[in-house]
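Structure record follows, encoded as structure tokens.
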Amino acid sequence: MAIKIGYVSQFAPNDRCASSGTNYKVAEQLSKYGEILWLPIKTPKIYRIFELASKAFARLFHKQIYFLYTKLGCILFSHFQNLASQLDKCDIVFAFFNAAPFLTISTSKPIIYLTDATFPSMIDYYPPFCNLFHFNRSQGCILEENLFHKFSAIICASDWAKKSVINDLNQNRKKVHCIEFGANLDDKDILEHTFDYIDHLHVLFLGVDWARKGGDIALKTCKLLNDNGIKTTLHVIGIKKLDDEVSKLSFVDNIGFLNKNISQEYKLLLNTISFCHCLLLPTNAECAGIAFAEASAYGLPIFTYNTGGISNYVIDGVNGYALPVNSTELDFYRKIEYCLKTGILKELSVKGPSLYRNRLNWNHWGGKSIT
């Protein structure tokens, strides 16, 4: 008889878009080992009201507040969830990216928690966690530490996250594990990639946040490539409203946001990835980076910054290069130009798929997470 896995997530297991497809892929892997019972997380109306009020209050002081990780916010969010009675139906519980619902819940069921970052690691790193009130920082760290003590196992998407769970949240290292995410693409759609460069470099930018993902650096890098005799097109995927000043540039191909739930848009994503030569994503902040696994699957060498959890996904000289965080567009230009002219770019395109097959895939994640 199959075990019943309670899947605690605000997203339906069959939603391919939520969390860039990670929610779908995680649920897909778990379904191989048991029956998935979706236990949806809802945002209570009373929580929304207090959250809006708290943000208005914060603006008066030119501050930000992460309301979920205040005492009041976490209590309100957890208290109005309908989880306690549903947990009894499960043999094991798997929680996706949100620990807050468990604040007011007690259960004897083992809980596996998945995360790609901790609250302490996000402070002054991701925009929503910058310029927080001191009490918000303090309460958030204490709340998360207490919540994590409730979990039987914690799966982290990177060593960066794992270290923070152990060191910042004082968790037993024996229950904390690092398992990299995979590509949020179907295996049947990942075709063998042949590096075919003929006088025109096609560069992919893949992300939904132009500023955080380093769009300006990517743009300036491609301009430098063009200005120095390397004909280059920057293909931009994921940005819903790209500035006209950028999208109208002759070397920019603005494809826009693509919904993986829509067959035609999913195919366009695959086609674009397949004919590009490299992924340029100089992101300012990154917990893991599904785009890196997807690029590796297709043999696209990656050029990015060495920040957050990226070092688990981009290995220098294997599937790309993660440059120091103070690198400029000139540094990215020089690195790409050197790799192109020396043949290293082609070599990386061969090594990347091997890394994907051995580690950066969801079958690998599923096998390690359940065992």
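The values are calculated or read from the model by the stated rules, or taken from the named source; none is laboratory data. The model shown is predicted, which means the values in this text are computed figures rather than measured ones. Note: ideal-geometry Cβ built from the backbone for every residue, glycine included; neighbour counts use all protein chains shown.
Odds and ends about this structure:
- Test for Gly308: is it out of contact with any Leu (no Cβ under 6 Å at 6 or more places or on another chain) and part of a loop (DSSP other than H, G, I, E, B): yes
- Region 320-336, subset under 19 Å from Asp227 (Cβ atoms) and aliphatic (A, V, I, L, M), residue nearest to the chain's Cα centre (by Cα): Ile336
- Across region 203-214, the qualifying residues are those that are surrounded by fewer than 19 Cβ atoms within 10 Å (Cβ to Cβ) and aliphatic (A, V, I, L, M), and the one among them that is modelled with the lowest pLDDT is Val208.
- Residue satisfying condition, being at pLDDT 95 or above and either touching a strand residue (DSSP E or B) at 6+ places or on another chain (Cβ under 6 Å) or part of a loop (DSSP other than H, G, I, E, B) (or both), within set Ile154, Ile217, Ile198: Ile154
- The condition of being on the phi > 0 side of the Ramachandran plot and at pLDDT below 95 holds for only one of Gly308, Gly320, Gly289, that being Gly289.
- Whichever residue in region 169-195 is assigned to a loop (DSSP other than H, G, I, E, B), farther than 29 Å from Asn284 by Cβ and not hydrophobic (A, V, I, L, M, F, W, C) and, among such residues, is nearest to the chain's Cα centre (by Cα): Asp186
- Residue match in region 230-243 (condition: of a type in the set (Lys, Arg), out of contact with any Ser or Thr (no Cβ under 8 Å at 6 or more places or on another chain), assigned by the TED database to the domain that holds Ala285 and not in a loop (DSSP other than H, G, I, E, B)): no
- Each residue in region 1-43 was checked for being part of a loop (DSSP other than H, G, I, E, B) and either touching a residue at least 60 places away in the same chain (Cβ under 8 Å) or surrounded by 15 or more Cβ atoms within 10 Å (Cβ to Cβ) (or both), and 10 pass.
- Filtered residues of region 239-283 (kept if more than 24 Å from Val314 (Cβ to Cβ), within 21 Å of the chain's Cα centre (by Cα) and hydroxyl-bearing (Ser, Thr, Tyr)): Tyr266
- In the set Ser164, Ser138, only one residue is within 22 Å of Glu286 (Cβ to Cβ), assigned to a helix (DSSP H, G or I) and not hydrophobic (A, V, I, L, M, F, W, C); that residue is Ser164.
- In region 286-318, the residues that are within 21 Å of Cys222 (Cα to Cα), surrounded by fewer than 24 Cβ atoms within 10 Å (Cβ to Cβ) and either in contact with a helix residue (DSSP H, G or I) (Cβ under 9 Å, 6 or more places away or on another chain) or touching a residue at least 24 places away in the same chain (Cβ under 8 Å) (or both): Tyr305
- Unmet criterion (only one of (1) buried (at least 17 other Cβ atoms within 10 Å of the Cβ); (2) on the phi > 0 side of the Ramachandran plot) for Gly229: (1)
- Residues in region 62-98 that are over 24 Å from His134 (Cβ atoms) and charged (D, E, K, R): Asp88, Lys89, Asp91.
- Test: Val246 is of a type in the set (A, V, I, L, M) and either farther than 30 Å from Asn259 by Cβ or free of Cβ contacts under 8 Å to residues at least 12 places away in the same chain (or both): no
- Region 284-305 - residue that is of a type in the set (Phe, Trp, Tyr) and not in a loop (DSSP other than H, G, I, E, B) and, of those, farthest from Lys260 (Cα to Cα): Tyr305
- Residues in region 127-172 that are closer than 20 Å to Phe67 by Cβ and surrounded by fewer than 17 Cβ atoms within 10 Å (Cβ to Cβ): Pro127, Pro128, Cys130, Asn131, His134, Phe135, Ser138, Ile142, Asn146.
- Pairs meeting the criteria (first residue in region 131-144 and of a type in the set (D, E, K, R), second residue in a loop (DSSP other than H, G, I, E, B) and buried (at least 21 other Cβ atoms within 10 Å of the Cβ), beta carbons under 7 Å, at least 6 apart or on different chains) are Glu144/Ala99; Glu144/Thr118; Glu144/Leu169.
- Count of region 27-40 residues which are touching a Gly at 6+ places or on another chain (Cβ under 9 Å) and more than 11 Å from Ile370 (Cα to Cα): 5
- Being within 24 Å of Asp116 (Cα to Cα) and in the same structural domain as Pro127 (by the TED database) is not true of Cys90.
- Odd one out for Asn226 among (1) free of Cβ contacts under 8 Å to residues at least 24 places away in the same chain; (2) out of contact with any His (no Cβ under 7 Å at 6 or more places or on another chain): (1)
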